[in-house]
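In what follows, a single structure is set out as structure tokens and then discussed.
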Amino acid sequence: MYIDLNKSIYDLCKEDPKIIEVMTSLGFTDITKPAMMNTVGKMMTITKGARMKNMDIAIIKNRFIEQGYIIGEEKEDS
């Protein structure tokens, strides 16, 4: 499955709920809270989340690749 790191977490998880498990395993535990998903999740991207947690985006990309995802970044996220 293709995953765009600059798409909202909400949209990604709506398309593929398995993303919640991958993100949780990386330490993004708030993703499991419905209130967070329905508010912040609509604006948050994986790229932004990595910056907020001071996490190397390469670690996140590698985890998704290990899970069979193809990584994409359609637009530069500011």
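Assorted remarks:
- Every residue from region 2-61 that is hydroxyl-bearing (S, T, Y) and farther than 14 Å from G72 by Cβ: S8, Y10, T24, S25, T29, T32, T39
- Of all positions in region 62-71, at least one carries a residue that is surrounded by 18 or more Cβ atoms within 10 Å (Cβ to Cβ) and not in a loop (DSSP other than H, G, I, E, B).
- Tabulated pairs, region 1-29, first closer than 16 Å to E66 by Cβ, second in a strand (DSSP E or B) and hydroxyl-bearing (S, T, Y), C-beta under 9 angstrom, 6+ apart or interchain: L5/T45
- Close pairs (7 angstrom Cβ cut-off, 6 or more residues apart or separate chains): without any contact (Cβ under 8 Å) to a residue 40 or more places away in the chain in region 43-67, of a type outside the set (D, E) anywhere: M43/S8; M44/S8; M44/I9; A50/I57; A50/I60; K53/G27; I65/I71
- The condition (being surrounded by 15 or more Cβ atoms within 10 Å (Cβ to Cβ) and either on the phi > 0 side of the Ramachandran plot or among the acidic types (D, E) (or both)) is satisfied by just one residue among D11, D30: D30.
Each value in this text was obtained by applying a stated rule to the coordinates, not by laboratory testing. Treat the numbers as computed from the prediction; the structure is a model and nothing was measured. Virtual Cβ from ideal backbone geometry, glycine too; neighbours counted across all protein chains shown.
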